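Input: a single structure, listed below in structure tokens.
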Amino acid sequence: MHAAEAAMTLALQWLGQLDLAQLALVWGVVVFAAIMRAFTGFGFALAAVPVFSMIMPPSLAVVLSASLTLAVSLLTLNTYWGQYPLRPMLPMLVLSLFGTLAGASLLAGLSPAQFQLWIGLAVVSASLVLSLYRPAADVPRPGAWWRAGAGALSGILNGAFAIPGPPVVVYAVAGESDPRRARALLMTFFLFSAVMALASYSAAGFVTRQSPLLFLLAFPAMFLGDKLGYYLFHRYGSRFYRRVAVVVLFAIGAATTLRALL
């Protein structure tokens, strides 16, 4: 036990960013955000990045979020892969790539306070859209222009804040009445989004020697949260939990925005 504590302390000293209390906060938010992602198909970055931004530089926060998303997406590939066809997603993914590159260039010009403000506003806006948007049964499913717009805007948010979710979540809600297909669409898209984000961040020089260590320290929490969320999804479905998740996201976004302003 003492050896493990000593190793943890040494790792945090080498990391030079977090103490044990801050690492505990990271673990807590990662578990919660991973449960939400596994349960609903979205929400990990929306919940995690605003909290990350309060205790670490923006570049480290977005790299950690994208790397955790990529790792758990690959480990759980069998739970969603093939449940939604790739062909309709291709235009979204191509435009998302260009948007991600543009967004990563925007991130380089943001100070920590600006990053917190914009990401807080983005999360609040996403929460309001998700809570108020209700597609009518007689409205046609979104077409090619919807897919293209969702992909491009998602890419910009992905590159700048590592939160590709809101535009694609609205598209999935509007286009898929089956929760399992909608969840599979979102998880497949976010797998590719994480690859694009990490490639863009690497090219921009945001991936440093601290990034792999912080990922290793946070991944056990991600793995635990994913297992809990997957269990809850199969046991209870997603309606009630999604409403709770939106309320919590709004609270996180509002707190992040106020912190940046004050």
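Here are a few things to note about the model shown:
- Once the Kirkwood radius over Cα pairs is known for the stretch 48-261, the Stokes-Einstein relation at 10 °C and 1.306 mPa s delivers a diffusion coefficient of 90 µm²/s.
- Likely footprinting exposure, Ser202, Ser111, fewest C-beta neighbours within 10 Å first: Ser111, Ser202
No value in this document is a laboratory result; all are computed from the given coordinates. Just so it is clear, the structure is predicted and the values come from calculations on it, not from any experiment. Note: ideal-geometry Cβ built from the backbone for every residue, glycine included; neighbour counts use all protein chains shown.
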